[in-house]
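**Student:** Structure below; questions to follow.
The values are calculated or read from the model by the stated rules, or taken from the named source; none is laboratory data. Worth saying up front: this structure is predicted, and the values here are computed from it rather than measured. For neighbour counting, all protein chains shown are included, and Cβ atoms are generated from backbone atoms with ideal geometry for every residue, glycine included.
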Amino acid sequence: MLKTLERLLHWSTGVMAAMALFSIMWLTLFDVLGRKFLNNSIPGALELTEILMVVVIFAALPLVSWRGEHVVFDSLDAVIPDWLRSIQRRTVNLISAMVFAFLGYLMTTRAERFAEYGDTTVHLQLSIAPVAWLMAGLLVLTGLVHLLLAFMVLPAPDHGPAPSEFLKTPAP
């Protein structure tokens, strides 16, 4: 079940983020080449890049949360007992789930306002509402991931090498 969920997240949000980043790369390449050799940039390249960056960031959130690849402050983990760390992990995931759900709700109200007012980008006149709806959906999905993580039974974490191991210089 969990492998299926991870595979689903990878093939939906992970591929979405990767494709958006790949598109930014090609868009930037052709925009720079156009400026350099043709004295003309791609119309709306900045707007497209901004939209694609939103997709990269928000599509990566559920997968990053699922894999636990976000920035963590774990200096005290070596001295905290496992039972307390489990409570801490669950509490943090519950709070994160509530925060992401609330942010998803706020983005939904913003998306509705964008749609109601007909807000568009300046140059290309692209509607902003679908982008805001996508952001809202991905925020809610991230909240659901954290909610699932709060109630999952996970194996004891591997703390990796002790911090002192990183300070040792390798032998020649």
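**Student:** For segment 120-139, does any single residue satisfy the condition of being assigned to a loop (DSSP other than H, G, I, E, B), surrounded by 17 or more Cβ atoms within 10 Å (Cβ to Cβ) and either modelled with pLDDT of 90 or more or among the small types (Gly, Ala, Ser) (or both)?
**Tutor:** Looking through segment 120-139, at least one residue is assigned to a loop (DSSP other than H, G, I, E, B), surrounded by 17 or more Cβ atoms within 10 Å (Cβ to Cβ) and either modelled with pLDDT of 90 or more or among the small types (Gly, Ala, Ser) (or both).
**Student:** Taking Ser86 and the conditions (1) in contact with a helix residue (DSSP H, G or I) (Cβ under 9 Å, 6 or more places away or on another chain); (2) polar (S, T, N, Q); (3) assigned to a helix (DSSP H, G or I), which numbered condition does it fall short on, given that it satisfies the others?
**Tutor:** (1)
**Student:** Read through the list (1) at positive phi; (2) under 15 Å from the mean Cα position of the chain (by Cα), then give the number of the only condition that Gln125 fails.
**Tutor:** For Gln125, the failing item is (2).
**Student:** Residues being among the hydrophobic types (A, V, I, L, M, F, W, C) and touching a Ser or Thr at 6+ places or on another chain (Cβ under 9 Å): count how many of those fall in segment 31-54.
**Tutor:** Matching residues across segment 31-54 total 5.
**Student:** Among the residues that make up segment 23-41, is at least one of them outside any helix (DSSP H, G or I) and at negative phi?
**Tutor:** yes
**Student:** All but one of (1) closer than 28 Å to Ile42 by Cβ; (2) in contact with a Ser or Thr (Cβ under 9 Å, 6 or more places away or on another chain); (3) buried (at least 16 other Cβ atoms within 10 Å of the Cβ); (4) free of Cβ contacts under 8 Å to residues at least 60 places away in the same chain hold for Asn93, so report the exception by its number.
**Tutor:** It fails just one condition, (1).
**Student:** Within segment 21-57, take every residue that is in contact with a helix residue (DSSP H, G or I) (Cβ under 7 Å, 6 or more places away or on another chain) and within 19 Å of Val140 (Cβ to Cβ) and give me the one that is surrounded by the fewest Cβ atoms within 10 Å (Cβ to Cβ).
**Tutor:** Selected residue: Val54.
**Student:** Can you report the number of residues in segment 58-72 which are surrounded by 15 or more Cβ atoms within 10 Å (Cβ to Cβ) and out of contact with any His (no Cβ under 8 Å at 6 or more places or on another chain)?
**Tutor:** Qualifying residue count, segment 58-72: 6.
**Student:** From Met25, Met53, grab the single residue that is modelled with pLDDT of 95 or more and within 16 Å of the chain's Cα centre (by Cα).
**Tutor:** Exactly one of Met25, Met53 is modelled with pLDDT of 95 or more and within 16 Å of the chain's Cα centre (by Cα), namely Met53.
**Student:** Right, something else. Residue check, Thr142 against (1) surrounded by 18 or more Cβ atoms within 10 Å (Cβ to Cβ); (2) out of contact with any Pro (no Cβ under 6 Å at 6 or more places or on another chain); (3) modelled with pLDDT of 95 or more, all met but one. Which one?
**Tutor:** So Thr142 meets the others, but not (2).
**Student:** Here are the criteria: (1) surrounded by 12 or more Cβ atoms within 10 Å (Cβ to Cβ); (2) outside any helix (DSSP H, G or I). Tell me which single one Met107 does not satisfy.
**Tutor:** (2)
**Student:** Looking at Ser86, Ser75, which one is modelled with pLDDT under 95, over 16 Å from the mean Cα position of the chain (by Cα) and surrounded by 14 or more Cβ atoms within 10 Å (Cβ to Cβ)?
**Tutor:** None of the other options fit; the residue is Ser86.
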